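Beneath this line is the structure, given in C-alpha cells, with notes to follow.
The values are calculated or read from the model by the stated rules, or taken from the named source; none is laboratory data. None of the values given here were measured: they were computed from a predicted structure. Neighbour counts are summed over all protein chains in view; Cβ atoms, including those assigned to glycine, are modelled from backbone coordinates with ideal geometry. These accessible areas exclude ligands, DNA and RNA; they are computed on the full protein's heavy atoms, side chains included. Shrake-Rupley method; radii C 1.70, N 1.55, O 1.52, S 1.80 Å.
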Amino acid sequence: MKKLLMLMAVALLPLTALADSDNKYGGENRGKPLLPKQINAKWQEECGACHIAYAPGLLPADSWRKLMSGLDQHFGTDAALATNENRAITEFLVKNESNRWRAKSAPLRITESAWFKAKHGTHEIAPDVWKRASIKSPANCQACHLEAAQADFNEHRIKIPK
Amino acid sequence: MKKTGIISAIALSAIFTFSAPLMAAENTILESYRAAARQENPAFKDFSSTRGQAFHTAKSGDLSCASCHTENIKAHGKHATTGKDILPLAPSANPDRFADAAKVEKWFKRNCNDVLKRACTAQEKGDFIAYTLSVK
C-alpha cells in the first residue's frame, strides 16, 4: 500500500510542477476576467455607495466571505447590510472570485495581495505619489485607473494625477 | 343621534378630503419616526429643524454629519475616507432623499455608529429629517 502511494506521488509530480509554473505571484494572482458579463445590480449599488465596487476577481472567495461577514466593522466603518442583500452580494462575489488564486491566503485588502504589490512597486510608483491629495490611498484605484469602476485596469488607460 | 352621526361622518370626510393633500406633502418617513418618538418618550412634543441643524454640525470625536455631507446640505458631499462624491442631502436639491424607509434606516444605523458610536434616537432622526426638509 505504502509503495503504491509512493508510486502515485511520483506519477503526480509533473502535474504539481505544472501547477507551480502557474503559481504567479506566489499563487496570489487576480482573476481573468475580473468581472463576469452578468453583473449583480445590488453589488454595484451597495459596494459602490462609498467607493468603487471592487470587482470580484480581485480577491479569492475566502477573502470575500470574511469581508462580507464583518461589514459592521468594515475598515473602521459600519457598512452593514440587510441579511438578504448581504447573502446575494456574497454569492455574486464568491461565484466570481479570482480564478487564478492558488495560495491559501485570503487577505481583506486587495493592496495586500502579491500581484498588487508587484504591479505597484517603488520602481514604478514613488512612495510620495500615493500621498497626493488627488490620490489619497492605494484603495482609490480610479484616481489613476480612469476606468477602474468598470474593472478596466489596462495600463494604457492609466493617468497618474498631479 | 343618527343625525349627528351622519353629520360627523360628513365633517370627518370633509377634513379628510381637505387635509389629504397636506398629508401628502408631509414626509411619510418623518411621520413614522414621529410615532416611534412617541413610543420612545411619552413626553415627546415635536421635531425641531433647529435642533436637527445643530445635530448635523455637532462633532463627536473627529466627525460630524457635516464631515461628509458638508455644512451646506444642498451641495455635494465627499466621503471623509474614500473621497467619493456624495449627492446632496436636502430633498429640495435631491428628491431621492428620505423617500425609501429601508434606505433611510440603513444609513442612520451606519452613520450614527460611525459618528456617535451608538444608535440615534427617533427624536434625533426626526429632528434631522425635519432640518433637511426645511432647507429650501
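Is there a residue in the range B:109-118 that is touching a Phe, Trp or Tyr at 6+ places or on another chain (Cβ under 9 Å) and closer than 28 Å to A:Ala139 by Cα?
To start, the set of residues in the range B:109-118 that are touching a Phe, Trp or Tyr at 6+ places or on another chain (Cβ under 9 Å) comprises none.
No: the range B:109-118 contains no residue that is touching a Phe, Trp or Tyr at 6+ places or on another chain (Cβ under 9 Å) and closer than 28 Å to A:Ala139 by Cα.
Scanning the range B:75-86 for residues that are out of contact with any Pro (no Cβ under 8 Å at 6 or more places or on another chain) and among the aliphatic types (A, V, I, L, M) yields a total of 2.
Contact map, the range A:132-147: first residue more than 9 Å from chain B (Cβ to nearest Cβ), second residue assigned to a loop (DSSP other than H, G, I, E, B) and aromatic (Phe, Trp, Tyr), Cβ cut-off under 8 Å, separation 6 or more or different chains; pairs are A:Cys141/A:Tyr54; A:Cys141/A:Phe153; A:His145/A:Phe153; A:Glu147/A:Phe153.
Okay, residues lined up against (1) in contact with a strand residue (DSSP E or B) (Cβ under 7 Å, 6 or more places away or on another chain); (2) open to solvent by 30 Å² or more (accessible area, probe 1.4 Å); (3) in contact (Cβ under 8 Å) with a residue 40 or more places away in the chain:
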{"site": "B:Asn72", "(1), (2), (3)": "no, yes, no"}
{"site": "B:Lys78", "(1), (2), (3)": "yes, yes, no"}
{"site": "B:Lys109", "(1), (2), (3)": "no, yes, no"}
{"site": "B:Thr132", "(1), (2), (3)": "no, no, yes"}
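A:Lys159: within 15 Å of the chain's Cα centre (by Cα) and more than 14 Å from chain B (Cβ to nearest Cβ), yes or no? Answer is no for this residue.
Among the residues of the range A:71-123, those that are within 17 Å of the chain's Cα centre (by Cα), over 22 Å from B:Val104 (Cβ atoms) and within 14 Å of another protein chain (Cβ to nearest Cβ) comprise A:Phe75, A:Arg109, A:Ile110, A:Thr111. In the range B:113-127, the residues that are more than 15 Å from A:Ala80 (Cβ to Cβ) reach residues that are in a helix (DSSP H, G or I) and among the small types (Gly, Ala, Ser) with C-beta atoms within less than 6 angstrom, at least six apart or across chains, in these pairs: B:Ala122/B:Ala36; B:Ala122/B:Ala37; B:Gln123/B:Ala37; B:Gly126/B:Ala37; B:Asp127/B:Gly52.
When A:Glu46 is tested against the conditions (1) within 14 Å of chain B (Cβ to nearest Cβ); (2) in contact (Cβ under 8 Å) with a residue 24 or more places away in the chain; (3) within 21 Å of A:Pro138 (Cβ to Cβ), the lone failure is (3). Residues in the range A:112-139 that are modelled with pLDDT under 95, open to solvent by less than 60 Å² (accessible area, probe 1.4 Å) and of a type in the set (S, T, N, Q): A:Ser134, A:Ser137.
Select from the range A:49-70 the residues that are more than 9 Å from chain B (Cβ to nearest Cβ) and either open to solvent by less than 20 Å² (accessible area, probe 1.4 Å) or in contact with a Cys (Cβ under 7 Å, 6 or more places away or on another chain) (or both) and list them in ascending order. Quick ask: steps written out before the conclusion?
Pass one, the range A:49-70, residues more than 9 Å from chain B (Cβ to nearest Cβ): A:53-70.
If the condition is that a residue be more than 9 Å from chain B (Cβ to nearest Cβ) and either open to solvent by less than 20 Å² (accessible area, probe 1.4 Å) or in contact with a Cys (Cβ under 7 Å, 6 or more places away or on another chain) (or both), then A:Ala53, A:Tyr54, A:Ala55, A:Pro56, A:Gly57, A:Leu58, A:Leu59, A:Pro60, A:Ala61, A:Ser63, A:Trp64, A:Met68 are the ones that fit.
Considering (1) of a type in the set (D, E, K, R); (2) more than 20 Å from A:Thr83 (Cα to Cα); (3) under 13 Å from the mean Cα position of the chain (by Cα), the lone condition that B:Glu105 does not fulfil carries the number (2).
Those residues that are out of contact with any Pro (no Cβ under 7 Å at 6 or more places or on another chain), surrounded by 18 or more Cβ atoms within 10 Å (Cβ to Cβ) and among the hydrophobic types (A, V, I, L, M, F, W, C), I need them from the range B:87-107; list them, please. Matches in the range B:87-107: B:Leu89, B:Ala90, B:Val104.
The helices (runs of 4 or more DSSP H) found wholly in the range B:39-136 and carrying at least 1 residues that are within 14 Å of chain A (Cβ to nearest Cβ) occupy B:65-69, B:101-116.
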